[in-house]
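The values are calculated or read from the model by the stated rules, or taken from the named source; none is laboratory data. Since the model is a prediction, treat every value here as computed from it, not as a measurement. Please note: Cβ atoms are built from the backbone with ideal geometry, for glycine as well, and neighbour counts cover all protein chains shown. Note: accessible area is taken over every heavy atom of the protein model, side chains too, but ligands, DNA and RNA are not part of it. Shrake-Rupley method; radii C 1.70, N 1.55, O 1.52, S 1.80 Å.
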Amino acid sequence: MDHGGSLERARALFPGAPEPFVDLSTGINPNSYPLFELPATALSRLPEPGRARDLAAVAATAYGAPSAANVVPAPGTQILLPRIASLVRPGRAFVLGPTYQEHARAAAIAGHEVAEVRSFERLAEADLAVVVNPNNPDGRVVSRADLLGLAEKLRARSGLLVVDEAFMDVGPQAQSLAGDVDGGGIVVLRSFGKFYGLAGIRLGFALAHPDIAGRLEEELGPWSVAVPSLEYGIKALSDADWQREMRTTLAHAAHRLDQAFARAGVVVTGGTPLFRHVDIPDAAGLFKALGRGGILVRSFADRPTQLRCGLPGTEIEWRRLDIALGDWAQDRQPVGEGDVS
């Protein structure tokens, strides 16, 4: 499947573009958590089980899960998807879309008959229901009350609700289901790399009833999370001051990005503080114009009028984006428009 974040693909598409590329094709925070010195044994020893337990406890506090027993640390949420889908016997898997396509692929791997549905109400007919909340790429948010109602309906039929909260760090915290997983029938996914800007750490979490958490831990086996990931996760998830200040920084940056699009005549139609979503007839033209300027945004083969754009990380990157957007807008201006007689 096509995903954002591939500079190899960008260079193949736009071989004459100026370097370095400005990669705005992901929703990864360009202001990453500060690097720090790791223990000397970080790469020479196996991870200690105690540090994994420490990480689970810190994550439970940071995400609002009932306890560490509800938290399963993993080497990224991606590896969890087919395992979670396998918690339910093969049946019907409905994914509320359009959204992140790996959920549908993982459910198919687990043997489910998969369908992407546009109606939230239809999810109640599934054995496995998946909601990305806030949604990627348009930022749609489903209320906690609606999700809990859906979970109750699924639970009565031995079904499972999976809520991917990869962007909830910058979303409406009151809508998170992290604190509700003890009721059973719910698995919440939380991604570390996006908000903390450390995607290469490959760290993520499943939050679930202890019985489900135990099954997932058994499948992952020992030493599933590397020592550097454990240490960064423990430190960053404990740093409430950084988290609070970063949410403010990202909100300001998202507003600045909205203004940059507005100057080019583009209205932002959704998103989160980590990415913005636009839906315009000339999305393909804008994608190409930005690419030729060395700026990569996310396009969608099945949604040709839509683009997703992440946040520039430096003033140079902001300036390059402003110039590319301005050039695209100028090229689209009808001949003679703006002339003064």
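Within the stretch 290-332, which residues are open to solvent by less than 50 Å² (accessible area, probe 1.4 Å), basic (K, R) and more than 25 Å from the chain's Cα centre (by Cα)? Once the filter is applied, which keeps residues that are open to solvent by less than 50 Å² (accessible area, probe 1.4 Å), basic (K, R) and more than 25 Å from the chain's Cα centre (by Cα), the stretch 290-332 yields nothing.
Reported count of residues in the stretch 111-141, each being touching a strand residue (DSSP E or B) at 6+ places or on another chain (Cβ under 6 Å) and on the phi > 0 side of the Ramachandran plot, is 1. Contact annotation: residue pairs with Cβ atoms under 9 Å, 6 or more positions apart or on different chains, pairing a residue in the stretch 13-26 that is assigned to a helix (DSSP H, G or I) with a partner that is open to solvent by 80 Å² or more (accessible area, probe 1.4 Å), are L13/K288.
Give the residue, chosen from A107, A115, that is over 16 Å from the mean Cα position of the chain (by Cα) and surrounded by fewer than 17 Cβ atoms within 10 Å (Cβ to Cβ).
Working: A107 fails: surrounded by fewer than 17 Cβ atoms within 10 Å (Cβ to Cβ).
Testing whether each residue is over 16 Å from the mean Cα position of the chain (by Cα) and surrounded by fewer than 17 Cβ atoms within 10 Å (Cβ to Cβ) leaves just A115.
Look at the stretch 8-31 and say how many of its residues are more than 27 Å from the chain's Cα centre (by Cα) and either surrounded by 15 or more Cβ atoms within 10 Å (Cβ to Cβ) or among the aliphatic types (A, V, I, L, M) (or both). Walk me through it before giving the result.
Of the stretch 8-31, the ones more than 27 Å from the chain's Cα centre (by Cα) are 15-18.
From the residues that got through so far, the ones that are either surrounded by 15 or more Cβ atoms within 10 Å (Cβ to Cβ) or among the aliphatic types (A, V, I, L, M) (or both) too are 17.
Going through the stretch 8-31 one residue at a time, the tally reaches 1.
Would you say A284 is open to solvent by less than 30 Å² (accessible area, probe 1.4 Å), over 15 Å from A17 (Cβ atoms) and of a type in the set (G, A, S)?
Numbers: open to solvent by less than 30 Å² (accessible area, probe 1.4 Å): no; over 15 Å from A17 (Cβ atoms): yes; of a type in the set (G, A, S): yes.
So A284 fails the test.
When every residue of the stretch 181-191 is checked against the conditions, at least one turns out to be over 19 Å from V132 (Cα atoms) and either in contact with a His (Cβ under 8 Å, 6 or more places away or on another chain) or of a type in the set (S, T, N, Q) (or both).
Scanning the stretch 59-88 for residues that are open to solvent by 40 Å² or more (accessible area, probe 1.4 Å), of a type in the set (S, T, N, Q) and either more than 20 Å from G159 (Cβ to Cβ) or in contact (Cβ under 8 Å) with a residue 60 or more places away in the chain (or both) returns T61, S67, Q78.
Just to verify a result, which residue in the stretch 47-58, among those that are over 15 Å from A236 (Cβ atoms) and assigned to a helix (DSSP H, G or I), is most open to solvent (accessible area, probe 1.4 Å)? If you could, list the steps in order and put the result at the bottom.
So the first thing to find is which residues in the stretch 47-58 are over 15 Å from A236 (Cβ atoms), and the list is 47-50, 52-53.
Retained after the next criterion (residues that are assigned to a helix (DSSP H, G or I)): 49-50, 52-53.
Values: P49: 78, G50: 24, A52: 37, R53: 156 Å².
Within the stretch 47-58, the match that is most open to solvent (accessible area, probe 1.4 Å) is R53.
Among the residues of the stretch 241-288, those that are free of Cβ contacts under 8 Å to residues at least 40 places away in the same chain and acidic (D, E) comprise D241, E245, D258, D279.
Among the residues of the stretch 236-266, those that are touching a Lys or Arg at 6+ places or on another chain (Cβ under 9 Å) and of a type outside the set (A, V, I, L, M) comprise D258, F261, G265. Looking at (1) open to solvent by 40 Å² or more (accessible area, probe 1.4 Å); (2) assigned to a helix (DSSP H, G or I); (3) not charged (D, E, K, R), which is the one condition that is false for P34? Every listed condition holds for P34 apart from (2).
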